[in-house]
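Data block below; observations after.
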Amino acid sequence: MDDRSGLLLHQLMRAHHNAVTAALSALGLRDIGSPRLLWELSTYPDDPARAPTQKELADRLHSAPPTVAASLKVLERQGYVARRTDEKDSRRNRISITQKGRDAIAQGMDAFRQVDAHLFHGFSPEEREQVQAFHRRMLENLYQIGGNKDAGCPPPPPPPDL
């Protein structure tokens with residue numbers, strides 16, 4: 001095996017990150033400092049009573065509560081999220097995504113699709129599936145030696161029975 005395959009993978013990930021950042025910037029979305037936090041909020045229902053607390057978000061994202069607090073402050077100031085006092089416990093705030101935040105998520109997904117279309121240009125559907133299968137196997141291999149499986153990324157699906 002080529003000793004530079006890890007370097008190539010790192011370059012690929014870096015180039016993908018830069019391409020996504022450029023696509024988000026072109027859509028006017030570069031100001032979202034914590035897209036992962038915004039994405040997590042978008043997975044909750046629009047019911048304010050079921051919106052997560054700051055601590056629940058920190059737990060789900062495996063982040064320190066002060067880090068989440070700082071990110072929420074910026075997102076709130078930009079209009080992407082809103083805080084509401086919990087009806088049952090006035091000491092807690094529930095955090096929800098605003099329509100502006102949902103619109104940003106939708107546009108962001110368009111940016112990811114655009115980048116992925118360029119990334120896989122010239123690949124057949126079978127080749128795309130094969131690349132994804134290799135990535136899942138590589139991810140599972142890294143999980144087995146201490147890669148952080150609980151860092152907010154879903155585990156890969158089990159391999160198909162052959």
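Quick notes on this structure:
- Structure-derived Rg and Dmax of the Cα atoms in Å: which label, when the choices are [x] 17.4, 54; [y] 16.2, 62; [z] 18.7, 59: [z]
- Rounded to whole Å, sorted largest first: equivalent-ellipsoid semi-axes of segment 35-115, Cα gyration tensor: 22, 14, 11
- Accessible-area composition of segment 1-114, carbon plus sulfur, in percent [1.4 Å probe]: 54 percent
- Here segment 4-24 is scanned for amide nitrogen atoms under 13 Å from the site 7 Å beyond the Cα of ILE145 along Cα-to-Cβ, giving 5-7.
- Nonlocal amide H pairs with ARG94, under 5 Å, H built at 1.01 Å: ARG84, THR85, ASP86
- Count of Lys pairs (Cα-Cα under 21 Å; at least 8 positions apart or interchain) in the chain: 4
- Rounded to the nearest 20, the Cβ-based charge dipole of the chain about its Cα centre (Lys and Arg +1, Asp and Glu -1) stands at 740 debye.
- Simple label model, 7 Å out from Cα along Cβ direction - LYS88 to GLN114, nm: 4.3 nm
- Counting only protein heavy atoms and a 1.4 Å probe, the chain has 71 square angstrom of accessible area per residue.
The values are calculated or read from the model by the stated rules, or taken from the named source; none is laboratory data. This one's a predicted model, so the numbers in the text were calculated from it and none came from an experiment. Using ideal geometry, Cβ is built from the backbone for each residue, glycine included, and neighbour counts are taken over all protein chains shown. Side chains are part of the model used for accessible areas, which takes the heavy atoms of the whole protein and leaves out ligands, DNA and RNA. Shrake-Rupley method; radii C 1.70, N 1.55, O 1.52, S 1.80 Å.
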